[in-house]
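The structure appears below as structure tokens.
The values are calculated or read from the model by the stated rules, or taken from the named source; none is laboratory data. Just so it is clear, the structure is predicted and the values come from calculations on it, not from any experiment. Glycine gets a Cβ as well: all are built from the backbone with ideal geometry, and neighbour counts include every protein chain shown. Only protein heavy atoms, including side chains, enter the accessible area calculation; ligands, DNA and RNA are left aside. Shrake-Rupley method; radii C 1.70, N 1.55, O 1.52, S 1.80 Å.
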Amino acid sequence: AGTTTTQQRIRIHPTFEAMGAGADTFDSMASIAPPVGRGWEYLTDPASSGGYDWDAELDQVPELLAEKLKAPSVEAGSYDLVIHPSNLWLTIHESIGHATELDRALGYEANYAGTSFATYDKLGTLQYGSAVMNVTGDRTVEHGLATVGYDDEGVQTQAWDIVRDGVLVGYQLDRSMGHMKPELNPGPTGAGRSNGCAYADSPGHVPIQRMANVSLQAAPDGPSTEELVGRVERGLYVVGDKSWSIDMQRFNFQFTGQRFYKIADGELVGQVRDVAYQATTTDFWGSMEAVGGPQTWELGGAFNCGKAQPGQVAAVSHGCPTSLFRGVRILNTLDEAGH
């Protein structure tokens with residue numbers, strides 16, 4: 001299309017995993033450090049300068065894993081959840097990021113865990129979540145894994161709204177999708193434009209519509225994680241991602257985590273295990289009562305987002321604050337495994 005660019009992307013994902021066995025179980029616990037668009041300084045700089053406190057986490061994980069192996073199994077039921085960004089980023093990825101790719105919503109991406117419940121006829125009317133839910137697509141955020149200057153169709157990258165005040169207001173677009181729905185992102189002549197979401201994972205692949213850094217916004221004067229925990233009488237505090245399952249429509253899901261702390265009368269009272277939370281996308285985000293302030297916002301993500309046939313892999317980040325959800329269904333995974 002007449003554009004030539006040279007770009008350099010630097011990304012790093014250091015990690016570790018500890019394994020342990022208890023009297024009647026075994027489990028593992030990995031680092032919750034997110035992959036980032038940084039270099040070696042991520043391993044060497046202090047956290048105050050953008051690095052990560054690896055020494056502290058390496059010291060803590062064996063003790064945390066030992067506590068988890070001795071922890072009681074959760075009692076299934078309805079709980080309030082305070083979810084840390086190290087877990088919530090993955091729920092955003094699966095239930096918002098993929099669901100708002102326009103090729104899925106229009107049915108063009110249907111054979112690789114494709115399509116979406118957030119179909120185009122729901123634009124502007126779908127109550128995706130509660131009024132505190134504001135989600136952006138952004139290929140410009142600093143240190144994001146999907147951050148570049150120009151996408152693989154030569155379009156300058158940008159940021160835009162996907163969910164505003166809980167309502168679906170936008171999608172992720174490449175050029176072909178933008179042309180099909182010009183009202184989403186009209187250019188000076190009225191023709192539909194891309195918002196910079198084309199990517200190919202190698203010179204041997206055709207660029208396709210891929211995910212931007214899709215992020216849940218913090219409340220400007222929002223509460224701290226401790227304040228959110230303090231609002232809960234009976235609940236769980238969720239830290240770290242682990243396994244997940246979601247249907248092709250991106251609607252019915254369940255997620256586990258690395259650590260689940262019981263909350264009783266506003267206090268953390270130790271870990272429980274064998275936990276998964278289950279919901280539909282709109283019920284889950286509709287139950288979000290509060291989002292934390294900027295001090296709780298973190299950028300998570302992954303290197304291994306898959307899409308298309310032939311398959312392509314892309315890296316993407318998802319920022320979010322610690323958030324409070326009311327009345328979420330909790331499963332005991334040990335009991336469920338016996339069914």
**Q.** Residue list for segment 115-133, restricted to those being of a type outside the set (A, V, I, L, M, F, W, C), farther than 19 Å from G178 by Cβ and open to solvent by less than 50 Å² (accessible area, probe 1.4 Å)
**A.** T115, Y128, G129, S130
**Q.** Residues of segment 320-339 classified as open to solvent by 70 Å² or more (accessible area, probe 1.4 Å) and in a helix (DSSP H, G or I), total
**A.** 4
Q. Restricting attention to segment 46-56, and to residues there that are outside any helix (DSSP H, G or I) and open to solvent by 50 Å² or more (accessible area, probe 1.4 Å), which single residue is farthest from W89 (Cα to Cα)?
A. P46
Q. Applying the selection to segment 35-45, what residues are open to solvent by 40 Å² or more (accessible area, probe 1.4 Å), without any contact (Cβ under 8 Å) to a residue 40 or more places away in the chain and either closer than 22 Å to H318 by Cα or touching a strand residue (DSSP E or B) at 6+ places or on another chain (Cβ under 7 Å) (or both)?
A. W40, E41, L43
Q | Members of segment 191-229 found to be open to solvent by less than 20 Å² (accessible area, probe 1.4 Å) and either acidic (D, E) or not in a loop (DSSP other than H, G, I, E, B) (or both), listed by number | A | G192, A198, Q209, N213, V214, S215, L216, L228, V229
(Q) Need the failing condition index for I32 against (1) surrounded by 22 or more Cβ atoms within 10 Å (Cβ to Cβ); (2) among the hydrophobic types (A, V, I, L, M, F, W, C); (3) within 24 Å of I263 (Cβ to Cβ); (4) touching a helix residue (DSSP H, G or I) at 6+ places or on another chain (Cβ under 7 Å), just the number. (A) (1)
Q) If you scan segment 203-219, which residues turn out to be more than 20 Å from the chain's Cα centre (by Cα) and touching a residue at least 12 places away in the same chain (Cβ under 8 Å)? A) H205, P207, I208
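Report yes if L299 is assigned to a strand (DSSP E or B), over 30 Å from Q209 (Cβ atoms) and of a type in the set (A, V, I, L, M, F, W, C), otherwise no. Explain how you work it out, then say what you get.
On the way: assigned to a strand (DSSP E or B): yes; over 30 Å from Q209 (Cβ atoms): no; of a type in the set (A, V, I, L, M, F, W, C): yes.
So L299 does not fit the description; no.
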